[in-house]
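**Q** Structure incoming, see below.
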Amino acid sequence: MTNGWVDIKNADMILVMGGNPAENHPCGFKWVIEAKRNRNAKLIVVDPRFTRTASVSDFFAQIRVGTDIAFLGGLIRYLIENQRYNKEYLVNFTNAGFIVDKEFKLPEDEGVFSGFDEKSLSYNRATWNYEGSGGKPAAAKPGQPAGLPGLPERVDFDPTLQNPRCVFQLLKAHYSRYTPEMVERVTGIPREKYLQACDLFTSIRKDGDTKKVATVIYALGWTQHSFGTQNIRTAAMIQLLMGNVGRAGGGVNALRGHSNIQGATDMAGIFDNLPGYLKVPIPADGSFEGWMKRITPTPSKPGDWASFNYWSNTPKFAVSLMKAFYGDAATKQNEWAYDYLPKVDRNYSWVNIWDNMYNGVVKGLFAFGMNGVMIGPDSNKNIDALKKADWVVVGEIYPDETSEFWRSPGITQEEMKKIQTTVYRLPCAGFAEKDGSFTNSARWLQWKNAALPIPPGCRSDQGIVAQIFLKTRELYQKEGGKFPDPILKLTWAYTNPSDPSLAEVLKEINGKTFADAEDPATKQQIKAGQQVPSFAWLKDDGTTSSGNWIYCGAYTEAGNLTMRRDPADPSGLGVHPNWAWSWPVNRRVLYNRASCNVDGKPWDATRKQVWWNEGTQKWAGVDVPDFKADSHPKDHMGPFIMNPEGVGRIFGPLGAFADGPFPTFYEPVESPVENNLLHPKQRHSPVVRRYKTPDDKYGSVKDGYTVICTTYRLTEHYHYWTKNNPMNVQLVPEPFVEISEEMAAEMGLQGGERIKVSSARGAYIAKAMVTKRIKAMTIDGKKTYQIGIPIHWGYRGIAEDEGKTAKTPVNLLSPTVVDPNAYTPEFKGFLVKVEKA
Amino acid sequence: MSQATLRIQKISAHSGTVPGEDTQRQYQVCKLVDTTTCIGCKACEVACVEWNDMPFSPTAFGNTYQTMPETRWNYWNLILFNEHEREDGTLQWLMRKHQCMHCAEPGCLEACPADGAIVQYTNGIVDFQQANCIGCGYCITGCPFNIPKFNNVTKRMYKCSLCADRVSEGLEPACIKSCPTGCLHFGSKDDMTELAGIRAKQLRDHYGYDKAGVYDPPGVGGTGVIYVLHDATQPELYGGLPSNPSIPLAVKFWKHPLKWLGNIAMVGGLIGLFVHYLKFGPKAREEADLAPKGGA
Amino acid sequence: MDASRRDFLKVATVGGTAAALFGFDLKPAYAELRRLKIARASETRSTCPYCSVSCGVIIYTLGDGAKNVTKQVVHVEGDPDHPINRGTLCPKGASLQQDILNERRLLKPQVRRPGGTDWEDISWEQAIGEIAQKVKKTRDDTFIETDAAGNKVNRCESIAFTGGCTDTNEFNYLVVKAMRALGVVHIENQARV
Amino acid sequence: MKPRGMIGYHPEQIIPHDHILRYSFKERMNHWIAAGSFIYLMLTGLAFWTPWLFWIATMLGGAELSRMLHPWIGLVFFVSVCYMFTLWASQMNFEPVDKEWWNSLGHYIRNQDDQMPPAGRYNAGQKLLFWSFFIGGLLLLASGLVLWFTESIPWNLRWLRYLAVIVHAGTALLTIGNFMIHVYMGVFAERGAFGSVIRGDVSLAFAKRYHPGWYKEIVGETETQK
């Protein structure tokens, strides 16, 4: 979330798409209701189903699964045509006026941007650049070609937005084909209804109003597509066009699905990052310096503007990380132990773990609270992969499907005896039995206290990992082995090494200084050995450490700030500055400089977040300004300080996206529509790859898979966890499939009858819930059915163990297709057939 | 002492005066349920079961998101889900929290024959005292909302207590506290009525629900649970909420005219027979008298 | 007040007097209320482990923290001070007590041996020892020091770590630290999916 | 086959000491089962009927017990009423004499029995009592079942409950009224009647006075002989 949960109450207009917050985030959704109650805000819901969120909405449109970009592209067209954008914001705070490379080509009918290489199914993105001068080679993501040209240091710029090669004009041209008629054919939303939605959402900018604010709320309904990142980008672009980013009640708000996956992302529990969004080194970097050179951007902006370019501090963060990991063993001489870091040059993401396990590369798996069989996609493939692994270590609190893959339904005793995988199942501590911090969707780090002792027989999660690591280290100490140095030299100086105190770990994450230091501006001093007050103090000379620079400031000499519990909110804007601690530097709304106009005055005086104080010549505010504190508005420094341009990117240049600088509508990989109506020559995302094992099968209409299936959660259940909780099982006791009344009538089906849903990969059996909440759709003149399946049931659980379910996980159905940017699987839309079971 | 003598203003089947009747300044408490912001998440259902430590009982799929068809003795609070297509073709998914309405004039209490099995506190909460309950089920007959439920093992009746244990300690009921969207609100009846009115007006003025209104049925003297409805003219849409509920006529007839008539008749009959005896005596003083005079 | 005493009220009634003559106590209890079950329980402030809203929860446990009490959860309720949830909870958060008290919890380490058809118990020490040996063997067997172009890569592709959604930041940090030190590159998390 | 003109002749029913066997053991036993159960039902029913009498239930072992036993005793009562039906229904047909009897009710009330038309084994009042208990028993059973299993009645059939409370209470009131008269007659008004359901017999004099028709039947007096 760029903003926060409570901040939603400041919105005047709320678009929920690709999400169902009433279902999945009920307690955060209250702030939507507060906006409605206190500001007469309007809630627009666009979803394949009439959801719980839709039930309290003011406008609902049923959309075909996976056609969000067509909807949003049409919305961009509408708001440009009707001038429902904030021009001052657009010109000054976005790259709308930047001139784009002459060679850059829009996809038009071809459906691909300039630079597409059909053989490698990837783009040479050299032309996705600004016109200008200066600059250096660009950063590349792992697995993508390096050596691109860099962004120009000085960008050509047209403040009138009239230049036909400026971003704004290209944008207009790109979405000119997303007409309401076309949107109707693609999405199934009738033209009239669609125009009502466009008018309602953009009505906040009617007649040049710049006071009102709209927010966009989304979740996995946007991310879990083969064009997931671009779904979100389209929304971000709309918010930039309307000037809603950085403002209270605005922003682009990802509702993360779980308690700490924001934290897990921050902490880089993912292959392509190191903590704090530092990009992992690639083999070609060659040295620490090479790595830093590649991942540290340089400013790129119109000549007379300023750019903070905060990522220019990357080396400070990286050196401090290496000091946290390796302590005294990371020195300038050994390039801060650069060799100790594994180098990544390919995709090791989730789906690839299972693919690589299937193909014999991955032999051992740790799964801590991660039920890979259930998560899928293509659960059968994951089960087959596990059969080929040497060993699996599962840390769990309940019996789960992954640890029992070897006796999943359909495996006979004989087959079981042939499975050579050793599985360790280690009982962990429950949430109430451990402390530590979670980072919520709004980037708040909150400490939680342990209420109960860990049950006898169980051990703390960190204790288990620590003990395995220490035991392994002991073996390397005793026996030696391949490249033991990083293992032997890793800092592990916790008071209780085999069960580290998490408070101690958080102190390490925050980081400390090894030398006395002074802030030249404030003359504040810190002593050697003290906690670093904020990441501004981090240095690239090895005198500071920090396990995650964005968390720097969470545990300072003032103590553990994630434990703060002052609920006061003096501004009334839902900032709550002294409750817990928010990254970065306790800032609650990101890019909040953009809540003011160019002159530093708030767009809306009733929602003042930050402002330029002429008296003190500093930025002041009720929130921590997301800006250089003393940058005078006249300097024209861009508010998007993490971008080298300093402005929001309507055009995503160079390596930013694998599949295009502007979002483009593509059909899901499994789609009932044979042609991409908007870009007729390219049906799917051109850069999406299919996996190749025998388990990776893909269905099409030709094979009889004509029904669109989507998957989702219910508010009564939590993933694959609450099927062990008798209370939640009582609320929703059995799996079901939601189908429309028309489809049921056609099948001669009554609610409660069992049906079998099959995809090219597997079958799912459950009772049918016949409902008015999903309707048959007319897509390009053809009647199309959509069905929906909640994901919560597997083969271990209360209902499952009582034999009340068919023991078919939903992800037996879902395909192994991932988004080319985020590598998130396409769980949300695929093809099935439905029959009575 | 949590709930003192003076905190009781009505007692079922009670033959004396009631200690708290009109002796307290205490305000009436009230739950406000704004159905227009209910998302049917069932947090209130869970909060109720959890707070009251009620045992779980099996449920079955019923082609709906609704947990069970109606409340149970161990499930006092149930969201009713209804899919409703309006005349303009738009769909409404109406959700209503169904629980004891805590009527000012409770039909259950009226029908109850057991002394002290049902009481109404001065704050308006209608509470079942299971210790005094005899399990006759007359409260079922008396209730216009289908609330009291029978436990087959204990042979007693159960229903929502409006968390009287919490309220008496100054806390809000468990369901109210849990409600994520704030569709549930708790306070004095006056405050809730005002709040409901404001919300209904907002729905009429800003959200196009011309018939939005407040449900506080006068037929049972008003309720301790009031609803804001999108369409107050059709409460039946919300899972059969009666549009003008009252204590069933049969119960009223039974408990008033019939009872008095019967009592008068019985007492009168006894007196009549006694007077008859006084006046006429037995048909024969001794059995021997029966013998015909003069012998046979 | 004596907390152990049942605290209910008995009111004399006219109806009862007739029977009282016979020595029966016929006065019904008119206001027998449950005591507030959390009145003296210990409170611990925590964060709900489910979605990313991060609702504050108060876990009420048995006893006042005295040494001779084994803590057990009495009730879980929303934290009214928490700015986001303000005491509210969803049906999952509201049922956390059942997650804590759950009888399905795993309570001992187990192993399924190759070809095995059931779980076997294993001691913690043996399990951790065996796992460490497997980690080392797998890593040593497959460790890649340089790539085809001769660049140093120092990675171990044969071990994967998948972390869950409810792992704390500190746990994740320890995992990243330890796994990267082992050269593990297949590090993924619920955050991806 | 009775001789023509004879109302009846059953000298075998005349037992020593000029008594007639009026009620067999079976009949007496059944009567007292019915009576006992009815009294219990009435007392517990009255306890539930009005708070003023709730103490009765307390005296009878507590209202819970009363609530538990009331329906079972009700079944006993109903069974015994049914048995009465098999025993006596054939004798309870309304005959022309009954109409006369009703017309002379005033005399009956004023103890002017000699001015009453000759009642048979059962006079019209007793017949009414019989039928009122039998039909009342049926109604009480039907409504009682609804009230017994009241929680099993679905909400959309709730009118059954409404009907049941009225029918049960109303019928109970009527039967209680009849019961009061019956007890009054049997215990206080007609000396000898009480004994008849204890010992089974009545004196010839009793029979002749209260049930002249029946008396004739037993002793064999013909119409003409009168």
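**Q** Looking at this structure, is A:Leu470 closer than 26 Å to A:Ala367 by Cβ and within 8 Å of another protein chain (Cβ to nearest Cβ)? Steps first, answer last, please.
**A** Details: closer than 26 Å to A:Ala367 by Cβ: yes; within 8 Å of another protein chain (Cβ to nearest Cβ): no.
In short, no.
**Q** So, one more: Go over the candidates C:Asn151, C:Asn169 one by one and state the one that is at pLDDT 95 or above and farther than 17 Å from C:Thr138 by Cβ.
**A** C:Asn169
**Q** Checking the condition facing chain A (nearest Cβ under 10 Å) and either surrounded by fewer than 24 Cβ atoms within 10 Å (Cβ to Cβ) or more than 27 Å from C:Cys48 (Cβ to Cβ) (or both), which residue from B:Glu85, B:Glu21, B:Glu70, B:Glu45 passes?
**A** Testing whether each residue is facing chain A (nearest Cβ under 10 Å) and either surrounded by fewer than 24 Cβ atoms within 10 Å (Cβ to Cβ) or more than 27 Å from C:Cys48 (Cβ to Cβ) (or both) leaves just B:Glu85.
**Q** How many residues are of a type in the set (Asp, Glu) and more than 21 Å from A:Ala268 (Cβ to Cβ) if we restrict to the stretch A:297-355?
**A** Qualifying residue count for the region: 3.
**Q** Within the stretch B:90-176, considering only strands (runs of 3 or more DSSP E) that don't extend past its boundaries, which have at least 1 residues that are free of Cβ contacts under 8 Å to residues at least 24 places away in the same chain?
**A** Hits in the stretch B:90-176: B:91-98.
**Q** Sticking with this structure for a sec: Applying the selection to the stretch A:378-416, what residues are in contact with a Leu (Cβ under 8 Å, 6 or more places away or on another chain) and of a type in the set (S, T, N, Q)?
**A** Of everything in the stretch A:378-416, those that are in contact with a Leu (Cβ under 8 Å, 6 or more places away or on another chain) and of a type in the set (S, T, N, Q) turn out to be A:Ser379, A:Asn380, A:Thr402.
**Q** Just give me the residues in the stretch A:292-309 being closer than 26 Å to A:Asn273 by Cβ and part of a loop (DSSP other than H, G, I, E, B), in sequence order.
**A** Listed by number, the residues that qualify are A:Thr296, A:Pro297, A:Thr298, A:Pro299, A:Ser300, A:Ser307, A:Phe308, A:Asn309.
**Q** Tell me yes or no: at least one residue of the stretch A:255-264 is surrounded by 23 or more Cβ atoms within 10 Å (Cβ to Cβ), more than 26 Å from the chain's Cα centre (by Cα) and of a type in the set (Val, Ile, Thr).
**A** no
Conditions (1) buried (at least 22 other Cβ atoms within 10 Å of the Cβ); (2) over 21 Å from C:Ile100 (Cα atoms); (3) in contact with a helix residue (DSSP H, G or I) (Cβ under 6 Å, 6 or more places away or on another chain), marked per residue:
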{"position": "A:Lys387", "(1), (2), (3)": "no, yes, no"}
{"position": "A:Thr412", "(1), (2), (3)": "no, yes, no"}
{"position": "A:Val423", "(1), (2), (3)": "yes, yes, no"}
{"position": "A:Cys428", "(1), (2), (3)": "yes, no, yes"}
{"position": "A:Ser437", "(1), (2), (3)": "yes, no, yes"}
{"position": "A:Trp444", "(1), (2), (3)": "yes, yes, no"}
{"position": "A:Ala450", "(1), (2), (3)": "no, no, yes"}
{"position": "A:Pro455", "(1), (2), (3)": "no, no, no"}
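**Q** Follow-up. When A:Ile791 is evaluated against the numbered criteria (1) more than 10 Å from every other protein chain (Cβ to nearest Cβ); (2) in contact with an Asp or Glu (Cβ under 7 Å, 6 or more places away or on another chain); (3) in contact (Cβ under 8 Å) with a residue 40 or more places away in the chain, which criterion, by number, is the only one it fails?
**A** (2)
**Q** For the stretch A:394-418, how many residues meet the condition of being β-branched (Val, Ile, Thr) and touching a strand residue (DSSP E or B) at 6+ places or on another chain (Cβ under 9 Å)?
**A** Counting residues in the stretch A:394-418 that are β-branched (Val, Ile, Thr) and touching a strand residue (DSSP E or B) at 6+ places or on another chain (Cβ under 9 Å) gives 3.
**Q** Okay, moving on. Only one of A:Asp355, A:Asp345 is in contact with a strand residue (DSSP E or B) (Cβ under 9 Å, 6 or more places away or on another chain) and acidic (Asp, Glu). Can you tell me which?
**A** On the way: A:Asp355 fails: in contact with a strand residue (DSSP E or B) (Cβ under 9 Å, 6 or more places away or on another chain).
Selected residue: A:Asp345, the only one of A:Asp355, A:Asp345 that is in contact with a strand residue (DSSP E or B) (Cβ under 9 Å, 6 or more places away or on another chain) and acidic (Asp, Glu).
**Q** Within the group C:Thr162, C:Thr138, C:Thr168, which residue is facing chain A (nearest Cβ under 7 Å), in contact (Cβ under 8 Å) with a residue 12 or more places away in the chain, in contact with a Ser or Thr (Cβ under 7 Å, 6 or more places away or on another chain) and on the phi < 0 side of the Ramachandran plot?
**A** C:Thr138
**Q** Which condition does D:Ala172 not pass, out of (1) without any contact (Cβ under 8 Å) to a residue 60 or more places away in the chain; (2) within 16 Å of the chain's Cα centre (by Cα), if it passes all the others?
**A** Evaluating D:Ala172 over (1) without any contact (Cβ under 8 Å) to a residue 60 or more places away in the chain; (2) within 16 Å of the chain's Cα centre (by Cα) leaves (1) as the failure.
**Q** Okay, next question. Regarding A:Gly97, is this residue under 28 Å from A:Met642 (Cα atoms) and at pLDDT 95 or above?
**A** Yes.
**Q** Here is a follow-up. Just checking, how many residues over the stretch A:353-410 are hydroxyl-bearing (Ser, Thr, Tyr), over 25 Å from the mean Cα position of the chain (by Cα) and not in a loop (DSSP other than H, G, I, E, B)? Working first, answer last.
**A** Of the residues in the stretch A:353-410, the ones hydroxyl-bearing (Ser, Thr, Tyr) are A:358, A:379, A:398, A:402-403, A:408.
So of that shortlist, the ones also over 25 Å from the mean Cα position of the chain (by Cα) come out as A:358, A:398, A:403, A:408.
With not in a loop (DSSP other than H, G, I, E, B) added as a condition, the list becomes A:358.
Residues meeting the conditions: 1.
**Q** For the stretch B:104-123, check the following and say yes or no: at least one residue is acidic (Asp, Glu), out of contact with any Cys (no Cβ under 6 Å at 6 or more places or on another chain), surrounded by fewer than 20 Cβ atoms within 10 Å (Cβ to Cβ) and more than 12 Å from chain A (Cβ to nearest Cβ).
**A** yes
**Q** Out of the stretch D:68-115, which residues are of a type in the set (Lys, Arg) and part of a helix (DSSP H, G or I)?
**A** Of the stretch D:68-115, the ones of a type in the set (Lys, Arg) are D:99, D:110.
Scanning the stretch D:68-115 gives a single hit, D:Lys99.
**Q** Hey, could you check the stretch D:50-64 for residues that are within 10 Å of chain B (Cβ to nearest Cβ) and either at pLDDT 95 or above or not in a helix (DSSP H, G or I) (or both) and say which is nearest to the chain's Cα centre (by Cα)? Before the answer, list the steps.
**A** Taking the stretch D:50-64 and keeping what is within 10 Å of chain B (Cβ to nearest Cβ), we get D:50-55, D:57-58, D:62-64.
Next, from what is left, pick out any that are either at pLDDT 95 or above or not in a helix (DSSP H, G or I) (or both): D:50, D:62.
Working: D:Thr50: 25, D:Gly62: 29 Å.
For the stretch D:50-64, the residue satisfying everything is D:Thr50.
**Q** Restricting attention to the stretch A:487-534, report how many residues are in contact with an Asp or Glu (Cβ under 9 Å, 6 or more places away or on another chain), of a type in the set (Lys, Arg) and free of Cβ contacts under 8 Å to residues at least 40 places away in the same chain.
**A** Residues flagged as in contact with an Asp or Glu (Cβ under 9 Å, 6 or more places away or on another chain), of a type in the set (Lys, Arg) and free of Cβ contacts under 8 Å to residues at least 40 places away in the same chain within the stretch A:487-534 amount to 1.
**Q** Output yes when any residue across the stretch A:474-486 is more than 8 Å from every other protein chain (Cβ to nearest Cβ), crowded, with 21+ Cβ neighbours inside 10 Å and in contact (Cβ under 8 Å) with a residue 40 or more places away in the chain, and no when none is.
**A** No: zero hits.
**Q** With the checklist (1) closer than 21 Å to D:Leu163 by Cβ; (2) in a helix (DSSP H, G or I); (3) within 11 Å of chain D (Cβ to nearest Cβ) in hand, flag the one item B:Gly219 doesn't pass.
**A** Answer for B:Gly219: the failing condition is (3).
**Q** Please specify each residue of the stretch A:429-453 satisfying the condition of being in a strand (DSSP E or B) and on the phi > 0 side of the Ramachandran plot.
**A** A:Gly436
**Q** Could I ask something else about it? Any residue that is among the hydroxyl-bearing types (Ser, Thr, Tyr), surrounded by 24 or more Cβ atoms within 10 Å (Cβ to Cβ), touching a Ser or Thr at 6+ places or on another chain (Cβ under 9 Å) and more than 25 Å from A:Arg443 (Cα to Cα) - is there at least one of those in the stretch A:87-98?
**A** Checked against the condition, which is being among the hydroxyl-bearing types (Ser, Thr, Tyr), surrounded by 24 or more Cβ atoms within 10 Å (Cβ to Cβ), touching a Ser or Thr at 6+ places or on another chain (Cβ under 9 Å) and more than 25 Å from A:Arg443 (Cα to Cα), the stretch A:87-98 yields at least one hit.
**Q** Also: Which helices (runs of 4 or more DSSP H) sit wholly inside the stretch A:1-82 and have at least 3 residues that are of a type in the set (Gly, Ala, Ser) and within 30 Å of A:Ser740 (Cα to Cα)?
**A** Ranges flagged: A:68-81.
The values are calculated or read from the model by the stated rules, or taken from the named source; none is laboratory data. What you see is a predicted model, and the numbers here were worked out from it, not measured in a lab. So basically every Cβ, Gly included, is an ideal-geometry build from the backbone, and we count neighbours across all protein chains shown.
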